[in-house]
Amino acid sequence: MMNVLCYSIKTKSFLAGSVLRGISTSSILNENHKCKLLVVGGGAGGCSVAAKASNKLGAGKVIVLEPAENHYYQPMFTLIGGGIKKLEDSFRPMKTVLPALATWIKDSAAKFEPEHNTVHTSSGDKIEYEYLLVAVGLQLNYDKIPGLQEALSIPNGKVCSNYSPRYVDRTYQALRNFTGGNAVFTFPNSPVKCPGAPQKILYIAEHFFRKSNKRKNAQVHYNTSLPVLFGVKHYADALWEIVKKRNINVNLRTNLVEVKPTTDEAVFENLDKPGEQFTVKYELLHVTPPMGAPDVLKACKSLVNEVGFVDVSKDTLQHQKFSNVFAIGDCSSSPNSKTAASVAAQSQVVYKNLMAVMEGKAPTRIFDGYASCPLVTGYNTCVLAEFDYSLTPLETFPVDQSKERLSMYLMKKDIMPPLYWHLLLNGLWNGPGLMRKLMHYRL
């Protein structure tokens, strides 16, 4: 039989035929599935490695387990919040971005059993694999802040958040409705996908207030749980100059703990003085929600570290205990910044190491911790931060990237989206390593 997709233990029959892009087999077989490689998660990392692996292994050997109907290009959410892009620009149907040679099971993982090479799905399916790639990303925990979800449910309200497609359109709406008072932007006391994003909307909003003649009546505050403005000193120094020039008040080690939507008040804690809290009246509040490893991961103690992230080698991204398991992106314990650019660099490392292990060899590809964060600082400028595990700048272009530049803004706005859709998701983009060598004449 051609292109065998999966095997039903109960019916003792094969589901054969050509692979149909985007067709879920879970509605056909609510039973057992087997595959060479199971990819849990259809985000950037899952799509990219599934594309590479299915091209190598052939049809029917890779299963992608992903419940979402749409795939979002999340780095665009900052621009949507600033009114630069539209929400409809940021997503495509999942069936159009998953690799044609892979089988899509439109369901979510309910239980991992790495000791038995098995994942159970929410609908009751069991998937047996030879190799597993975990690519489930981070979980947004809006519910961890009392009053936040209520505030975000108020039509035309003052509280917004760029981090979810459900809420991102509220941000530009709140910017336009703002007339004066405190505009407060937060960074939570938790891991965060794209750690620069909470600042990006801060700078865009401040620029919006200037463009719309509202700045003189606005007090702009950035309340971050971090002890620094940005983790890489080379860029932090430049950003401090920007916030000073724009008269933005930065409060370090400050964490949002409650929102009171009936009185338009936000309660913060001082992380350096446990138990000490203060309340701020807001006219606009942009909240970056607490994030963490998905609950389904944290429930599998043998798969994760003490805080719930897949316990992998930071170099090879192979699991520390299960040699047939790898992780990519935000759900892994790799200590790099959690960005789409990191996923691009990780994808080739994971793929090559997966193929090596499948061939009985030791994984030898090493991930250097590369991360990139295009820090949009307004409607026409951007600081392109690039760095490695040691927080040392690892810049692609032969210019000082700590400076605000129009060229970097245009790259973020116009070049990166098609690169993501057409190259990264298809397994054809592995980050700017080669370009960096060419730019710096290091071939």
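The values are calculated or read from the model by the stated rules, or taken from the named source; none is laboratory data. In this text, all values refer to a predicted model and were calculated from it rather than measured experimentally. Cβ atoms come from the backbone with ideal geometry, glycine included; neighbour counts cover every protein chain shown. Ligands, DNA and RNA are excluded from the accessible area calculation, which covers all protein heavy atoms including side chains. Shrake-Rupley method; radii C 1.70, N 1.55, O 1.52, S 1.80 Å.
Quickly run through the stretch 128-151 and pick out the residues that are over 22 Å from Ser342 (Cβ atoms) and in contact (Cβ under 8 Å) with a residue 24 or more places away in the chain.
Glu128, Tyr129, Glu130, Tyr142, Lys144, Ile145, Pro146, Gly147, Leu148, Glu150, Ala151
Does Gly427 fit the bill of being on the phi > 0 side of the Ramachandran plot, modelled with pLDDT under 95 and buried (at least 16 other Cβ atoms within 10 Å of the Cβ)?
no
Could you tell me whether any residue of the stretch 52-70 is over 19 Å from Pro294 (Cα atoms), open to solvent by less than 10 Å² (accessible area, probe 1.4 Å) and under 17 Å from the mean Cα position of the chain (by Cα)?
The answer is no; no qualifying residue exists.
Being under 30 Å from Asn177 (Cα atoms), surrounded by fewer than 20 Cβ atoms within 10 Å (Cβ to Cβ), among the hydrophobic types (A, V, I, L, M, F, W, C) and touching a residue at least 60 places away in the same chain (Cβ under 8 Å) is the filter here; which residues of the stretch 277-332 pass it?
Val280, the sole residue that qualifies.
For the stretch 194-233: of the residues being without any contact (Cβ under 8 Å) to a residue 60 or more places away in the chain and under 18 Å from Ser337 (Cα atoms), which is surrounded by the most Cβ atoms within 10 Å (Cβ to Cβ)?
Selected residue: Thr224.
Just give me the residues in the stretch 341-398 being open to solvent by 30 Å² or more (accessible area, probe 1.4 Å), in contact with a helix residue (DSSP H, G or I) (Cβ under 7 Å, 6 or more places away or on another chain) and within 17 Å of Met435 (Cα to Cα), in sequence order.
Correct list: Pro393, Phe397, Pro398.
Looking at Lys111, Lys34, Lys95, which one is open to solvent by 10 Å² or more (accessible area, probe 1.4 Å) and assigned to a helix (DSSP H, G or I)?
Matching residue, one of Lys111, Lys34, Lys95: Lys95.
Collect the residues in the stretch 251-276 that are surrounded by fewer than 20 Cβ atoms within 10 Å (Cβ to Cβ) and either assigned to a strand (DSSP E or B) or under 25 Å from the mean Cα position of the chain (by Cα) (or both), keeping them in residue-number order.
Within the stretch 251-276, Asn251, Leu252, Arg253, Val257, Glu258, Lys260, Glu265, Val267, Glu269, Asn270 meet the criteria.
All but one of (1) on the phi < 0 side of the Ramachandran plot; (2) open to solvent by 20 Å² or more (accessible area, probe 1.4 Å) hold for Thr121, so report the exception by its number.
Only one criterion is unmet by Thr121, namely (2).
With the condition kept exactly as written, say whether any residue in the stretch 110-126 is more than 27 Å from Val312 (Cβ to Cβ), out of contact with any Phe, Trp or Tyr (no Cβ under 7 Å at 6 or more places or on another chain), touching a residue at least 60 places away in the same chain (Cβ under 8 Å) and among the polar types (S, T, N, Q). Please lay out each step first, then the result.
Here is the first cut: in the stretch 110-126, the residues more than 27 Å from Val312 (Cβ to Cβ) are 123-124.
Right, trim to out of contact with any Phe, Trp or Tyr (no Cβ under 7 Å at 6 or more places or on another chain) and you get 123-124.
Those still in the list that are touching a residue at least 60 places away in the same chain (Cβ under 8 Å) too: 123-124.
Filter once more, so that each one left must be among the polar types (S, T, N, Q): 123.
Checked the stretch 110-126: at least one residue is more than 27 Å from Val312 (Cβ to Cβ), out of contact with any Phe, Trp or Tyr (no Cβ under 7 Å at 6 or more places or on another chain), touching a residue at least 60 places away in the same chain (Cβ under 8 Å) and among the polar types (S, T, N, Q).
Taking the stretch 166-193 as the search range and keeping residues that are among the aliphatic types (A, V, I, L, M) and closer than 19 Å to Ile84 by Cα, which one is surrounded by the most Cβ atoms within 10 Å (Cβ to Cβ)?
In this case the residue turns out to be Val168.
Give me the pairs, please: first residue somewhere in the stretch 424-440 and among the basic types (Lys, Arg), second residue anywhere and outside any helix (DSSP H, G or I) and open to solvent by 60 Å² or more (accessible area, probe 1.4 Å), beta-carbon distance under 6 Å, and either six or more positions apart or on two chains.
Lys437/Leu443
So how many residues does the stretch 333-375 have that are within 27 Å of Ala299 (Cα to Cα) and either without any contact (Cβ under 8 Å) to a residue 24 or more places away in the chain or of a type in the set (Ser, Thr, Tyr) (or both)?
Selection size over the stretch 333-375: 7.
Pick from Leu354, Leu384: which is farther than 25 Å from Gln139 by Cα and part of a strand (DSSP E or B)?
Checking each option against the conditions leaves just Leu384.
Kindly check whether there is at least one residue in the stretch 236-244 that is assigned to a strand (DSSP E or B) and crowded, with 16+ Cβ neighbours inside 10 Å.
No.
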